[in-house]
Amino acid sequence: MNKLNTKQTVLIGFAFMSILCFWQFYDQVIPFILENTFGLKTLLANAIMAIDNVLAIFMLPLFGAISDRTKSPLGKRTPYILFGTIGAVILMIVMAYFQKIAVFSGFITSLILLLVVMAIYRTPAVAYMPDVTPKPLRSKANAIINLVGYLGGIFATVVMMFMLKSTKTASGETVYASGQSFFPVFLIIAGFMLVSVLVMVFTVKENKAVAQSGVETEEETTNQTGSKKLSKSEFQSLVLILLSVFFWYSAYNGVTTMFSRYCQNVWNTDLGTSSGYLLVATVVAIAAFIPLGFLSNRFGRKKAVLFGVVLMAVCYLAAFFIKSETPVMYAVFGIIGIGWASINVNSFPMVVELSSGSDVGKYTGYYYTFSMAAQIVTPLLSGFIVDNLPLGYKALFPYAFAFMALAFISMCFVKHGDSKPQVKQVVMDAVSAD
């Protein structure tokens, strides 16, 4: 099978769209509710917001592996996605009710349960694409999945822009008006999540899609249980890729979480400035997903990842020497967006390239464990460095550059997980047929 089923890939991406819609809403609204509805201090609110990352480290690989072994009329991923979304929607409505009547115990209990449910079905949702996509086509498919997923984040942002009343502080920070009801927003986001997943469930029959994809027949070097046994060289490549994932997430997340304070402390500008730069990076990344998916399919995943790492490292280094706000930074963050898209389109397919059809979920869990670990460690480590080095906030971009340099070094030693350029693969297939 040498042609990607684009329509099916888009529909499978609806599950990821549902998930990103939720997280965009969660990251923006929940901290406000914790601090303003329930009066929590910022430190405690941040600690609660970090629960999802802690849960993810343990639960994502666990339920990825469990879904690998699941057999049902709906398939092995769809039951978790469908019933997980239904559970999440119910818990969101419960949360909205407790927020409305300002009962903290009920709100926090339903919030923790919601995070557990989201962790249960996140890995199966991401593992669905590799299950039905032949290995050489996964970078292209992952580009489509990311593009569709980001549309969910955009939807959540638009809903919050129009449904929630907000004002700007003197520093430029967006603050939601106190006393307003979040219930309608909870309902709209929950409804969008449910509809997105139902569209996927009713339009893509997982068992049929897996059978038609030919993915199961292409797997080789399996043991009696059907789980792939890695050679020493393959295992080393897997470890190096996962370390690279940790390094570049440490760099990127370090910048995104601290850049607003960098703008205030180094450039003496407001939060609107930092938001504008970060928005450019996101928009450019979205626009670059599909072209980069095609290019990586031609030139290979490893080269595409290294290209992205170099772009981001150079931009972080250049940003260190920019001493004040300038339009040049829009170009810098635009290039960062291209680099980040090139990495994201190809790094996950490199990890699951080393899996077999029977353990894609487990390897998907490995990928998210390392990315989530970075997002737990880097706010603490970057904060410690900023607080204790003479450079202060000026250490942010050297910090990001150092981690991108580590990612480049580790990726250079990766020998497996790449894909053969599609043109060559077609020629090989033709020769084999002759």
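The values are calculated or read from the model by the stated rules, or taken from the named source; none is laboratory data. Source: prediction; values computed, not measured. Methodologically, a virtual Cβ is constructed for each residue, glycine included, from the backbone with ideal geometry; neighbour enumeration extends over all protein chains shown.
Hey, could you check region 23-41 for residues that are under 23 Å from the mean Cα position of the chain (by Cα) and hydrophobic (A, V, I, L, M, F, W, C) and say which is nearest to Met118 (Cα to Cα)? Lay out the reasoning, then the answer.
Here is the first cut: in region 23-41, the residues under 23 Å from the mean Cα position of the chain (by Cα) are 23-32.
Those left that are additionally hydrophobic (A, V, I, L, M, F, W, C): 23, 25, 29-30, 32.
On the way: Trp23: 10, Phe25: 14, Val29: 17, Ile30: 15, Phe32: 20 Å.
That would be Trp23.
Out of everything in region 204-234 that is closer than 30 Å to Met411 by Cβ and part of a helix (DSSP H, G or I), what residue ends up being modelled with the lowest pLDDT?
Of the residues in region 204-234, the ones closer than 30 Å to Met411 by Cβ are 213-216, 218-223, 226-234.
Narrowing the set further to residues that are part of a helix (DSSP H, G or I) leaves 213, 215-216, 218, 232-234.
Numbers: Ser213: 80, Val215: 72, Glu216: 64, Glu218: 56, Lys232: 90, Ser233: 91, Glu234: 91.
Looking at residues that are closer than 30 Å to Met411 by Cβ and part of a helix (DSSP H, G or I), I get Glu218.
In region 168-203, what count of residues is obtained for those that are at pLDDT 85 or above and either over 19 Å from Ser72 (Cα atoms) or surrounded by fewer than 16 Cβ atoms within 10 Å (Cβ to Cβ) (or both)?
Initially, region 168-203 is screened for residues at pLDDT 85 or above, giving 182-203.
The next check asks that each one be either over 19 Å from Ser72 (Cα atoms) or surrounded by fewer than 16 Cβ atoms within 10 Å (Cβ to Cβ) (or both); those that pass are 182-196, 198-199, 202-203.
Count: 19.
Could you say which residue among Gly300, Gly334, Gly308, Gly293 is touching a Gly at 6+ places or on another chain (Cβ under 9 Å) and of a type in the set (Gly, Ala, Ser)? Working first, answer last.
Values: Gly300 fails: touching a Gly at 6+ places or on another chain (Cβ under 9 Å); Gly334 fails: touching a Gly at 6+ places or on another chain (Cβ under 9 Å); Gly293 fails: touching a Gly at 6+ places or on another chain (Cβ under 9 Å).
Result: Gly308 is the single residue among Gly300, Gly334, Gly308, Gly293 that is touching a Gly at 6+ places or on another chain (Cβ under 9 Å) and of a type in the set (Gly, Ala, Ser).
So, of the residues in region 70-116 that are of a type in the set (Phe, Trp, Tyr) and crowded, with 22+ Cβ neighbours inside 10 Å, which turns out to be farthest from the chain's Cα centre (by Cα)? Give the steps one after another, and end with the answer.
Residues of region 70-116 that are of a type in the set (Phe, Trp, Tyr), as a first pass: 80, 83, 97-98, 104, 107.
Cutting the leftovers down to crowded, with 22+ Cβ neighbours inside 10 Å gives us 80, 107.
On the way: Tyr80: 19, Phe107: 26 Å.
Out of the qualifying residues, it is Phe107.
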Exercise for the section: Report whether or not Phe14 is more than 20 Å from Ile112 (Cβ to Cβ), of a type in the set (Phe, Trp, Tyr) and either surrounded by fewer than 18 Cβ atoms within 10 Å (Cβ to Cβ) or out of contact with any Gly (no Cβ under 7 Å at 6 or more places or on another chain) (or both). Expected result: yes
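Condition check ((1) touching a residue at least 40 places away in the same chain (Cβ under 8 Å); (2) under 22 Å from Ser419 (Cα atoms); (3) crowded, with 22+ Cβ neighbours inside 10 Å; (4) outside the structural domain of Pro390 (by TED's automatic domain parsing)) across all residues:
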| site | (1), (2), (3), (4) |
| --- | --- |
| Arg261 | yes, no, no, no |
| Asn265 | yes, no, no, no |
| Ala281 | yes, no, yes, no |
| Ala288 | yes, yes, yes, no |
| Leu292 | yes, yes, yes, no |
| Arg298 | yes, yes, no, no |
| Ala304 | yes, yes, yes, no |
| Val309 | yes, yes, yes, no |
